[in-house]
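J.: My questions will all concern the structure given below.
No lab work stands behind these numbers, since they all come straight from the coordinates. Keep in mind that what you see is a predicted model, and the values were worked out from it rather than measured. Every residue, glycine among them, receives a Cβ derived from its backbone with ideal geometry; neighbour counts consider all protein chains shown.
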Amino acid sequence: MTPPNSLTVESLTVSYPNSKEPALQKVTLNVEASSILSIVGASGSGKSTLLRALCGLESPTSGTIKLGDQVLCSSTKFVRPDRRKIGLVSQSGDLFPHLNVFQNLAYGLINWRRADRKTRCKELLEAIGLPNFEKRFPHELSGGEKQRIALARALAPRPPLLLLDEPFSNLDSNLRQSLRRLTAEILRKEKTTTIFVTHHPEDALSTGDSIAVMDSGTIIQCDTPRNLWRNPVSPVAASLFDQISQLPSSNFPNWLRANEIELGNEGNEGNEGNEGNEGLTHGTINEIEFLGKTQMVYVKIPNNLAPIIVEVTSEREFRIGSTVSLKRKN
């Protein structure tokens with residue numbers, strides 16, 4: 001018997017009127033029960049369309065969605081959003097402004113006994129670090145507090161599947177880091193199967209048990225965070241997690257991460273565009289981006305439209321306009 005909180009998506013396609021290409025093209029996914037799947041991709045890659053299809057806000061052109069053994073969508077069946085029992089947390093949280101925190105949390109527990117509602121709400125408020133917040137209203141909460149309450153509200157009825165649609169994107173860096181750690185901890189404690197859409201690569205890597213990379217409405221790679229980081233299948237997959245350069249030179253593979261290229265010292269004027277022995281290529285620095293401990297040096301080489309991006313320590317000094325050598329690190 002299939003676990004009731006496992007998700008299976010097969011050949012899911014979504015097309016919009018007057019659009020040349022489908023928003024989703026034969027997307028297939030298998031999300032294990034109680035696991036967290038992170039989904040990353042550039043704007044327009046299909047992330048939001050996939051979430052909308054899963055929760056029933058979009059009608060797929062073809063394909064199937066199953067939660068456990070229950071068919072939510074197929075060529076012959078479509079379960080309404082309100083009957084799918086899927087939790088959703090959006091970017092803004094969308095708390096009911098006229099209800100206090102307790103009323104927001106208890107909104108989906110209308111069929112529970114009053115004592116059980118109180119126990120569940122108290123349990124969740126303690127889990128998110130906001131005990132004694134029951135009587136506060138949304139306008140009295142900070143951005144981070146609103147998102148924690150929104151997460152607790154979505155978890156309150158113990159949904160078999162939870163969808164997180166970039167829930168931390170409106171928060172500053174430090175708050176986002178602390179909230180994603182708390183969120184992952186709660187989700188694993190609750191054993192909630194979760195799909196977490198984000199455009200922050202560090203959120204995807206640190207939170208997901210697996211990561212799906214989307215591009216042009218398809219999933220181009222799905223793997224564990226460690227495997228995806230070490231072995232991205234394409235420049236698109238690699239570029240979501242790091243600065244990369246696509247290189248035409250025979251001295252390099254098709255693409256390399258910024259920290260995989262070694263930058264030689266300045267003072268090689270006169271060699272611009274020449275390839276030396278030992279796999280050297282020369283180019284001219286046209287931009288330097290200082291990042292604190294490291295700096296990104298942008299090097300223009302002949303016959304390559306995009307500059308080559310090289311990450312080096314900030315202790316090294318370079319000048320815009322100088323010629324430097326590049327080679328792949330051993």
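J.: Test of the criteria: in segment 117-184, which trypsin sites (Lys or Arg not before Pro) are in a DSSP loop and have at most 10 other Cβ atoms within 10 angstrom of their Cβ?
T.: Numbers: sites: Arg117, Lys118, Arg120, Lys122, Lys135, Arg136, Lys146, Arg148, Arg153, Arg176, Arg180, Arg181; in loops: Lys135, Arg136.
Here the sparse-neighbourhood loop sites are Lys135.
J.: If you don't mind, another one. Could you work out how far apart the two model spin labels at Tyr16 and Arg316 are, taking each label as a point 7 Å from the Cα in the direction of the beta carbon, and quote it in nm?
T.: The answer from the label model is 4.4 nm.
J.: Taking the DSSP beta bridges in the chain as the whole, what percent of them are antiparallel, to the nearest 5?
T.: Here the antiparallel bridges make up roughly 70 percent for the chain.
J.: Can you list the residues, at least 5 places off or on another chain, whose amide H is less than 5 Å from the amide H of Ser34, using H built in the peptide plane?
T.: Those lying under 5 Å, H to H, from Ser34 are Thr193.
J.: Evaluate the charge dipole of the chain about its Cα centre and quote only its size in Debye, nearest 20, assuming +1 on the Cβ of each Lys and Arg and -1 on the Cβ of each Asp and Glu. Please report the intermediate quantities before stating the final value.
T.: Details: 38 positive and 36 negative charges, 403 e Å.
With only Lys, Arg, Asp and Glu charged at Cβ, the dipole is about 1940 debye.
J.: Output the 0 to 90 degree angle, nearest 10, between the alpha-carbon long axis of helix 173-190 and the longest principal axis computed from the alpha carbons of the chain.
T.: 50
J.: Separate question: What's the angle, to the nearest 10 degrees (0 to 90), between helix 114-127's Cα axis and the longest principal axis of the chain?
T.: Taking the Cα atoms of the chain, the angle to 114-127 is about 20 degrees.
J.: I've got another one for you. Could you compute the net charge surrounding Thr13? Neighbours are other residues with a C-beta less than 13 Å from the C-beta of Thr13; K and R count +1, D and E count -1.
T.: -2
J.: Here's a follow-up. Along the charge dipole of the chain, Cβ charges K/R +1 and D/E -1, which of Leu163, Leu205, Val101 sits furthest on the positive end?
T.: Final value for the positive-end residue is Val101.
J.: Comparing Ile195, Ile288, Ile211, which has the greatest mean-square fluctuation in the GNM of the chain with Cα pairs linked when under 10 Å apart?
T.: The residue that fluctuates most here is Ile288.
J.: At 222 nm, what value in deg cm²/dmol follows for the chain if DSSP H runs of at least 4 each add -39500 (n - 2.57) and the sum is divided by all its residues, to the nearest 500?
T.: -6500 deg cm²/dmol
J.: Quick one: length gained pulling Ser178 to Lys191 fully straight, 0.36 nm per residue minus the C-alpha distance?
T.: Gain on stretching Ser178 to Lys191: 2.7 nm.
J.: Hey, got a sec? Which GluC sites (Glu not before Pro) in segment 282-319 land in a DSSP loop and have at most 15 other Cβ atoms within 10 Å?
T.: Values: sites: Glu287, Glu289, Glu311, Glu315, Glu317; in loops: Glu315, Glu317.
Sparse-neighbourhood loop GluC sites (Glu not before Pro): Glu315, Glu317.
J.: Considering the convex hull of the alpha carbon atoms of the chain, report its projected area averaged over all viewing directions, in nm², one decimal.
T.: So the mean shadow area of the Cα hull is 21.3 nm².
J.: What's the extension gain from Gln103 to Glu32 if we count 0.36 nm per residue and subtract their Cα-Cα distance?
T.: Gain on extension, Gln103 to Glu32, equals 22.3 nm.
J.: So how tilted is helix 143-155 from the main axis of the chain? Cα-based, degrees 0 to 90, rounded to 10.
T.: Once rounded, the angle reads 60 degrees.
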